[in-house]
Each structure stands twice: as C-alpha cells, then as structure tokens.
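The values are calculated or read from the model by the stated rules, or taken from the named source; none is laboratory data. Since the model is a prediction, treat every value here as computed from it, not as a measurement. Cβ coordinates were reconstructed from backbone atoms using ideal geometry, including for glycine residues, and neighbour counts include every protein chain displayed.
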Amino acid sequence: MTCCPRAAAEPRPAIVAASRRRGWIVQRQNAKVVSARVQISRSLPSSHPQPMLRVHEMTGLRTYLLSLLFLVPALLVGHSGVGLAHDYAIEVSGVETEPPVAPTGSVLFENVRIFDGKASTLSPASNVLVNGNLIERISTAPIEAAGAKVIAGGGRVLMPGLIDAHWHAMLIASTPAEAMGDIGFANLAAGDEATHTLMRGFTTVRDVGGPVFGLKRAIDSGIVVGPRIYPSGAMITVTSGHGDFRQFSDLPRTIGGPFTPMERNGGSIVVDSPDEVRLRVREQFMQGAAHVKLTAGGGVSSPFSPLDVTTFTEPEMRAAVEIAENWGTYVIAHAFTTDAIKMAIAAGVKCIEHGFLMDEETAKLIAEKDIWLSLQPLPEMMRLGLREGSVERAKAEEVWPGIGRTYELAKKYKIKTAWGTDVLFSRDLARQQGAILASLIRWYTPAEALVMATGTNAELLTLSGKRNPYPGKLGVVEEGALADLLLVDGNPLEDLQLVAKPETSFLVIMKDGRIFKDTLPN
Ligand SMILES: [Zn+2]
C-alpha cells in the first residue's frame, strides 16, 4: 500500500501537457499498469497547461477502478459539446515532475529605492507590494498588506529584471555538433543553462535562433527554472547563408528533399524561394514563435557565407514580412552590411541585428524609418576564441572594429537601440552576460545602459503584438507591471559593474511574482 501516503503527500495535481488525441493510453510493466490516461477534449492549444491527476504505483485493478471513476464524467463532458476547454487526463505513473507553483499571496518590499527602468535616478525610499505576478502598489507611505511576505530592503535598490535582446538559449551549453546531432542532450544542457541565466538576473531573453520551443514550454510550466523566452525558433537562411551549417556532401539540395539534422532539430532551416519562406515562417508561428529571424547577409560563424553577400532577395524577405504581419508580429534580420540592411528595411523588417559594417547614410536611414537596431558589445574573448587562420577569425577581424563605430552612429542619430550579448557555444562567455552589459560603459552612462537592458529592450518585445507570449508590462517597476524584480546590494546607477557580479549583487531575484533567490540576511 505505497500508493496512498505518497499520493496524499502531493499537495496539488501535477500539470503536464497531454497529447491531443482522444482516448486511452495504458502502459504496462510486467502486467502491472504503470500509466493510464484518458483525454476528452481537443479545444486547448498545446501550449496551455493541462490539468492532470496522478496516482503512483497502483495495481492494475485499482488503476482501472480509479480511472473509470473519472472516465464516465469525462466522456460526458467531452461529448456534451458545451466544451469545458480542457484536456483532462488521469495518469498513473512512477515518474514525478514538479508542479509549477502559481504565485500566490503577496510580497512586500519595504524601504527600497527604485530604479524604474526608465529614469536615470533612484526614487526616494519606497515600498512595493507584489500581488500574484503583478506589482500592485508602490508608495513612499507604509503599505498595509496582511499576510504578505515582507522583504526588508534596508534602503537597497529595487530594479526590473534584466532583458537580453539577442540570446540563443539552445546554443550555449552545447557544441554545434551536439546542437545538431543530439537534441536530447542539447535540451537538458540548455535547461541547466537557463537556470544560470535567471540566476544572473536575466528574467527575460529574446531568443533569436535555435530549437527553443520545448525549453520555453518547460520553463513556463515550472518544470525548469529559467527566464521568460521570446522565441524566434529556427533561423531562416538561404543556401550558403549565415546559419547554413551544411557541408558540401549535403549538396545538391532539392526543394522538398530530405532535411539535414540541423533543419530537423529546428536550429536553422534553408529556404530558396518566397514560397519556401512562407512555409517555414508559418511553421515557426505554428510552434509559438514571437517573431521570426532571417539572416539577410553573411555572418562570422558560418564558413560558407562571406560577409559582403546579401543572401536573401527582397521578394524572399518580403514574403516573411507578409506572413509575420498576418500573424500580428514582426521580422528581424541578421545584417552587417549597408546593402543587406537597406534591403531588409525595404522589405519591411522592423529590427536589424548587429549592423556593424553599415555606413553613416544607412544609420540615418535606420533613424528616419524608426527601425530598431539590436547591438551587442561583442567581447574580445569571443573574437579570440575563433581559431587563428580560420575563415571565421578572418571575418571577425573585419567585423570587430565596426562595433564601436556602430555604437557611435547609434548615439549620433538617436537610433532606437536594443542591447544583447549573442553568446554562442560557450558557458564561460555566458557567465560574462552581466559583464558584457557592464562593458557598455565605453559609450553610455550606467543609467543609459540599464535603461537599455530593461525598459528599452522591453519596448522592443512589444513588437510581438498578438504573439507576445507574456502580455503585460516588462522591464519597468511600476504599478500593474509584471513582477520581475531584482534587489541589488549597492547602487548600479553609480557602479555598473554590480551587474557583472550577480552572485553577490542580486540578493533577491523575482520572476513573475515568484522568488527564485533570496539571500538577504534575516
Ligand atoms: Zn546571434
């Protein structure tokens, strides 16, 4: 009778995603039923958390009896047509998963000075009440909140969680070969890295290429601890474009032919006509993309895409923009050169990634057209990590001098500038995520850099419109905003280096109203 105490010990039913097929699934092991499920409705999107009841280690007879108890009403509801919009599943299983803990109750931050994600100064000593996943009240007067968990800020700084606008959650803790060839490992490694990302104070990332939908779902359903993810899914590239990591032995490609592992896993996918663009872009949206990424010109890390080449044609890019607009969202383009940037803008792309080889006239155009420029202060460590004598290193030597120049142009023409890191295939570099933000001090004041990594980046995220996976205000500390908050030991508006030392600087990390780190001395 091991079942009852264990079942009773579970405070709430685990929530897992159920398959969308109607009917029973029963699994046996040596005649003992280890898993039995029934599902009764088809009306929920697969991204929605599904309620599930589960009991452990029951005998076959007990399993069936319990299951029948739920089966009859379940089928009645399923056939009634009134449609409870849920898939109810009963599972008997030896596997335990942590249920996502919905933020309940409230948290009161007392005596904090607020950096709100917009202003360059701190507020006077204030109190901030978080209720559920929202910031409910901010006041310099005491806030009464019976039953709230109180965090005594002691005059420390409360600020919005950081946002990285150019991240590849699936392509950091794996090698390129693992990302292409062992998606199981890649997912697990990315889940672990996602936890580190959140612990560095990054509560949101805009993911700009990689098979990230499963990771996002695992984080959102509480199985894995990590940041909010705005996914683009597979990078859309053309034959020999940036992101085409195939070998010559994979050629020739025929349209409709078999996929390479890179494409099957959803890391990047090759298109060579407007029709193929439409198909692949729609596939990303079907899986939950918040925006779509095209690689409009050559890139450093892909050996067969010279930097000067404009890889897409304008009709191809326009096809992606048309589909994205049909879905109420936008297209971003990896582009270094003036030609690639101009074509992307002409096609309707709303955000240029990198742009490090642009000329001044193009900077003016970006400003005039109100296009976003997503820049990354790429560290030297990244350039030096490329093998000397390699094609990639030669391309890096060409790109790196453009970084500072492009930041100067962005400032000169007051271009809407987002900040990101573009860390790839290196956990050592990922650990520098905050340091890469702090390196903006070369061009910006600490306040300007922090506004960029919070309020401004959040503004860019709103371009996802109806495809925004987390509707609500991010990147700011204000009433009604989503409660993604950091309590900082020290004043980051005076010392930007604090964000480079998250272990000691960030005493409390809250995402969506839940506390994931609290090292405040009691
Ligand atoms: Zn990138």
Working only within segment 388-447, note down all residues that are β-branched (Val, Ile, Thr) and part of a helix (DSSP H, G or I).
-> Val391, Val399, Ile403, Thr406, Ile436, Ile441
Gly299 passes all but one of the listed conditions (1) among the small types (Gly, Ala, Ser); (2) part of a helix (DSSP H, G or I); (3) within 16 Å of the ligand (Cβ to nearest atom); the exception is number (2)
Taking segment 407-438 and keeping residues more than 15 Å from the ligand (Cβ to nearest atom), hydroxyl-bearing (Ser, Thr, Tyr) and touching a strand residue (DSSP E or B) at 6+ places or on another chain (Cβ under 9 Å) leaves Tyr407, Thr417
Filtered residues of segment 251-271 (kept if out of contact with any strand residue (DSSP E or B) (no Cβ under 9 Å at 6 or more places or on another chain) and buried (at least 18 other Cβ atoms within 10 Å of the Cβ)) = Asn265, Gly266
Could you pull out the residue among Ile352, Ile403 that is within 16 Å of the ligand (Cβ to nearest atom), β-branched (Val, Ile, Thr) and either surrounded by fewer than 21 Cβ atoms within 10 Å (Cβ to Cβ) or not assigned by TED's automatic domain parsing to the domain that holds Ile436 (or both)?
-> Ile403
In segment 466-502, what count of residues is obtained for those that are β-branched (Val, Ile, Thr) and assigned to a loop (DSSP other than H, G, I, E, B)?
-> 2
Output the residues belonging to segment 144-198 that are assigned to a loop (DSSP other than H, G, I, E, B) and within 16 Å of the ligand (Cβ to nearest atom).
-> His168, Ala169, Met170, Leu171, Ile172, Ala173, Ser174
If a residue has to be surrounded by fewer than 18 Cβ atoms within 10 Å (Cβ to Cβ) and in contact with a Lys or Arg (Cβ under 8 Å, 6 or more places away or on another chain) to count, how many in segment 113-132 make the cut?
-> 3
Before we move on, is Gly233 surrounded by fewer than 24 Cβ atoms within 10 Å (Cβ to Cβ), within 16 Å of the ligand (Cβ to nearest atom) and in a loop (DSSP other than H, G, I, E, B)?
-> no
